[in-house]
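S.K.: Sharing a structure here in structure tokens format.
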Amino acid sequence: MTVSCEQVSRYGEHIAISVTNSCPLQCAHCISGSAPDTARGASGLIEAFDALLARWPIINHVTFTGGEPFHHPEELAEFAARAKARGVRYGVITGAFWGKSERSCDRYLKAVPDLATMTVSTDLYHQQFVTHRHVLNVVKAARKRGIHVKVRFTHADPMPEAERAVEAALKADLRPEELEYAPLQKYGRAVEQGIGRSYDRWSPQPRETKYGICPSTGPHIFENGRVMPCCNTIVSLRDTDIPLDFGNAITEGVPKVQANRAQNTFWLAIKVLGFDWLKDRLSELNPAYAEYAPINACDFCFDGCKPGGIRDDIARLMADPSLALYVHSVAAEALGEMPDIALLSGFAAQIRTGRAESGIRL
Ligand code: SF4
Ligand code: SF4
């Protein structure tokens, strides 16, 4: 089987970095559990970021996120300057706490003079701290500077009346192309607060007929230097030991992080072969998986990473040398990378010596 598509080969064009995990707000649904006293960027983060830019040659865009990247504007300015010096475009994701007036927008945006993109997060929970006026001021300041701006509105499904009012105000003041929607997900602090949709993952009705491949376009570096494949649902497992962990760019260095990425069989499997393939393999281990129906690829991935649940079955599959050899061979071709000969030889040796295999078909 040959797998090759743009979404696979482009992985790494974009990276995201939490320049801090602190935030002046404390939204009830926050996926990163941010608050005013959560950790700032660790010592060595900016050097690790610069090293990553230098060694990740296809990168063309960085997103500064958090926490709230504007919580420490001087530090944000340093990260922005490093990106600019490397010729990499940059953008931010912000909660817009700094949008009190046109003057305050001018003051904060001085930190990022070449900002290309901005995503403003808002919803019922943000607006307990930050008003619609703040959001609008920030959008206007971005428009004035030619920054590509979007407002991401997170909402429940169906929306309660209070959320519909927030949406109506956004629709009235934004251009249609400036508004995007995100479902309220039960991850991070939302779990403690009992917010977000809960559903039966073993219902016989699939939410998506096809799960596809991991949609990430590049890795996420946390404020402590830890690197994961994305800034999606698995971010809520940031303090947990998970199988999709590329290591720490500060303490282990960027070359080790890159090697970990290239050797992570689970990640290569979901990036190149995808979750439908994975579900088929799990169903061969246990026919009950035919009924397994997460909402989408990232929900599936979250289940595969969180302790307990399906994680152990996925680990069994990935430890099978025949499967690992297959995944790494296909991935090298799809990603356009040189195969790691030592790694492949190791799997081949395990197969020759008759190491027990799971019996799955590839
Ligand atoms: S603004 Fe964003 S980072 Fe800050 S607490 Fe709210 S959801 Fe979390
Ligand atoms: S949560 Fe998993 S599937 Fe989704 S983008 Fe991240 S690594 Fe990919």
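The values are calculated or read from the model by the stated rules, or taken from the named source; none is laboratory data. A quick note: this is a predicted structure, and the numbers were derived from the prediction, not measured. Reconstructed Cβ throughout: ideal geometry from the backbone, glycine too, with neighbour counts over all protein chains shown.
S.K.: Among residues belonging to segment 175-194 that are surrounded by 18 or more Cβ atoms within 10 Å (Cβ to Cβ) and of a type in the set (A, V, I, L, M), point out the one that is nearest to THR154 (Cα to Cα).
M.R.: Step by step, filter segment 175-194, then rank; the result is LEU184.
S.K.: Turning to a different aspect of this structure: So which of ALA297, ALA332, ALA319, ALA324 is surrounded by 13 or more Cβ atoms within 10 Å (Cβ to Cβ) and within 16 Å of ligand 2 (Cβ to nearest atom)? Please lay out each step first, then the result.
M.R.: Values: ALA332 fails: within 16 Å of ligand 2 (Cβ to nearest atom); ALA319 fails: within 16 Å of ligand 2 (Cβ to nearest atom); ALA324 fails: within 16 Å of ligand 2 (Cβ to nearest atom).
When all the criteria are applied, what remains is ALA297.
S.K.: Looking at ILE242, ILE234 in this structure, which one is crowded, with 22+ Cβ neighbours inside 10 Å and either under 19 Å from PRO294 (Cβ atoms) or modelled with pLDDT of 95 or more (or both)?
M.R.: Working: ILE242 fails: crowded, with 22+ Cβ neighbours inside 10 Å.
Step by step, each of ILE242, ILE234 is checked, and only ILE234 is crowded, with 22+ Cβ neighbours inside 10 Å and either under 19 Å from PRO294 (Cβ atoms) or modelled with pLDDT of 95 or more (or both).
S.K.: Of the residues in segment 323-342, how many are in a helix (DSSP H, G or I) and touching a residue at least 40 places away in the same chain (Cβ under 8 Å)? I'd like the intermediate steps shown before the answer.
M.R.: The first filter runs over segment 323-342 and keeps only residues in a helix (DSSP H, G or I), leaving 323-335, 341-342.
Retained after the next criterion (residues that are touching a residue at least 40 places away in the same chain (Cβ under 8 Å)): 323-324, 327-328, 330-331, 333-335.
The qualifying residues number 9.
S.K.: Right, something else. Residues that are touching a Phe, Trp or Tyr at 6+ places or on another chain (Cβ under 6 Å), of a type outside the set (A, V, I, L, M, F, W, C) and farther than 25 Å from GLY12 by Cα: does segment 89-108 have at least one? Spell out the reasoning first.
M.R.: Keep residues of segment 89-108 that are touching a Phe, Trp or Tyr at 6+ places or on another chain (Cβ under 6 Å), which gives 92, 94, 98, 104, 108.
Within this subset, residues satisfying the condition of being of a type outside the set (A, V, I, L, M, F, W, C) are 94, 104, 108.
From what is left, the residues that are farther than 25 Å from GLY12 by Cα are 104, 108.
Among the residues of segment 89-108, at least one is touching a Phe, Trp or Tyr at 6+ places or on another chain (Cβ under 6 Å), of a type outside the set (A, V, I, L, M, F, W, C) and farther than 25 Å from GLY12 by Cα, which makes the answer yes.
S.K.: If you go through segment 26-49, how many residues are in contact (Cβ under 8 Å) with a residue 60 or more places away in the chain, among the small types (Gly, Ala, Ser) and within 9 Å of ligand 1 (Cβ to nearest atom)?
M.R.: Residues flagged as in contact (Cβ under 8 Å) with a residue 60 or more places away in the chain, among the small types (Gly, Ala, Ser) and within 9 Å of ligand 1 (Cβ to nearest atom) within segment 26-49 amount to 3.
S.K.: Just to be sure I understand, how many residues within segment 66-102 are of a type in the set (Lys, Arg) and within 16 Å of ligand 1 (Cβ to nearest atom)?
M.R.: Taking segment 66-102 and keeping what is of a type in the set (Lys, Arg), we get 82, 84, 86, 89, 100.
Next, only the ones that are within 16 Å of ligand 1 (Cβ to nearest atom) stay: 100.
Going through segment 66-102 one residue at a time, the tally reaches 1.
S.K.: Still on this structure: Hey, which of the helices (runs of 4 or more DSSP H) in segment 203-322, taking only ones fully inside, have at least 1 residues that are within 18 Å of the chain's Cα centre (by Cα) and not hydroxyl-bearing (Ser, Thr, Tyr)? Give the steps one after another, and end with the answer.
M.R.: Working: elements: 254-263, 265-268, 274-285, 297-305, 311-318.
Output list reads 254-263, 265-268, 274-285, 297-305.
S.K.: Here is a further query. Looking at (1) surrounded by 18 or more Cβ atoms within 10 Å (Cβ to Cβ); (2) at pLDDT 95 or above, which one does LYS84 not meet, given that it meets all the others?
M.R.: The one condition LYS84 does not meet is (1).
S.K.: Testing ASN21 on (1) at pLDDT 95 or above; (2) away from ligand 1 (no atom under 16 Å from the Cβ), one condition comes back false. Which one is that?
M.R.: The one condition ASN21 does not meet is (2).
Yes/no per residue for (1) touching a residue at least 12 places away in the same chain (Cβ under 8 Å); (2) more than 23 Å from PHE222 (Cβ to Cβ); (3) surrounded by fewer than 18 Cβ atoms within 10 Å (Cβ to Cβ):
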| residue | (1), (2), (3) |
| --- | --- |
| ALA54 | yes, no, yes |
| THR63 | yes, no, no |
| GLY67 | yes, no, no |
| ARG89 | yes, no, yes |
| GLY95 | yes, no, no |
| ARG103 | no, yes, yes |
| VAL135 | yes, yes, no |
